[in-house]
Amino acid sequence: MPGAERYPDRAAAGRALIAPLRALIDSQKAAPVLLALPRGGVPVAVEAARALGLNLGLAMVRKIGLPGQRELAVGAIAGPTGAELEINDSVARAFGLSRAEIEALAAPARDEIARRRADWGAAADPPDLAGRLAVLIDDGLATGATMRAAIAWARAAGAAQVAVAVPVGAPETVAEMERRADSVICPLTPQPFMAVGAHYARFDQVEEAGMLAMLADLVKEGGAPG
């Protein structure tokens, strides 16, 4: 998306990932599985999965916010039970939080993952990543807390390679992901980076019911979970 600073919406952003994803997948021997980070990553990933004719699963992740400052991530958890914990060290140090204290803060996030698995049915079933190329897709990278946790989970689940695909990201966070993942696709790295939503003309909240409907429609078209 050369020269552009904003995507019209998440669907358009997903279409911007199709060509680089096709090139990545064609260059790999491992069978790919696309994984969306809910909820904002789903409309992005659905566009890519539909165009590439690939199945789409979910990477169950949840940010751990600070009490009273829920938008400030002290870390994130990932996996079907939330077992993978990634700590945002700079935030933890700034607020003097120990790992034990962060584990306690993670309890509600793990409860939410359990609730989602119970309510979302087959859409939330963990895919088999063993020996496969896991492509993690979200609508953007700001601090990268949830993506770090998702990468750790994918590796722990046996993925042969892990790729990150996002339409937009903070340059320093994209650079970090390039160190953690085997490959990173990010067409737009604006400087200065304000927030993910600032780089979309339309950035509505993705409601749970709408997200599940998108996944169900994809399944009807042949894009079964996993």
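Each reported figure results from applying straightforward, stated rules to the coordinates on display, with no laboratory input. Keep in mind that this is a model prediction, so the values were computed, not measured. We place every Cβ from the backbone using ideal geometry, glycine too, and count neighbours over all the protein chains shown.
Points worth noting:
- For Tyr7, residues with placed amide H under 5 Å, excluding near neighbours: Tyr200, Ala201
- Taking 19 Å as the cut-off, the amide N atoms of region 171-211 that come nearer than this to a point 7 Å along the Cα-to-beta-carbon line of Ala19 belong to 184-190.
- In order along region 192-205, phi translates into HN-Hα couplings of x, 9, 8, 6, 4, x, 5, 9, 10, 5, 10, 9, 5, 5 Hz, rounded to whole numbers, per the Karplus curve 6.51 cos²θ - 1.76 cosθ + 1.60 with θ = phi - 60° and x for Gly and Pro.
- With contacts taken as Cα pairs under 8 Å at a separation of at least 6 residues, region 144-226 carries a relative contact order of 23 percent.
- Listed peptides 185-191, 93-99, 30-36 appear in the order 30-36, 185-191, 93-99 once ranked by packing, highest mean of other Cβ atoms within 10 Å at the front.
- What the pair-distance distribution of region 1-57 shows, using all Cα-Cα distances binned every 10 Å from zero, is 23, 53, 22, 2 percent.
- Residue with peak Gaussian network fluctuation, the chain [Cα springs, cutoff 10 Å], from Ala107, Ala48, Ala73: Ala107
- Percent antiparallel among DSSP beta bridges (both partners in the chain, rounded to 5): 35
- Expressed in units of 2.2 N^0.38 Å, where N is the residue count, the Cα radius of gyration of region 66-139 is 1.27.
- Interchain or long-range residues, amide H under 5 Å from Ala83's placed H: Ala78
- In this calculation the C-beta distance from Arg115 to Ala195 is compared with R0 = 35 Å, giving a FRET efficiency of 0.80.
- Of all complete DSSP H helices in the chain, those with a Cα span along the helix axis of 15 Å or greater and a mean Kyte-Doolittle hydropathy of 0.0 or more are 41-52, 145-156, 208-220.
- Relative contact order, percent, the chain [alpha-carbon distance under 8 Å, six or more residues apart]: 28
- Surface/4 estimate of mean projected area, convex hull on alpha-carbon atoms of region 13-123, nm²: 8.5
- Only helices enter this figure: runs of n ≥ 4 DSSP H residues, each worth -39500 (n - 2.57), summed and divided by the residues of the chain, yield -12500 deg cm²/dmol at 222 nm to the nearest 500.
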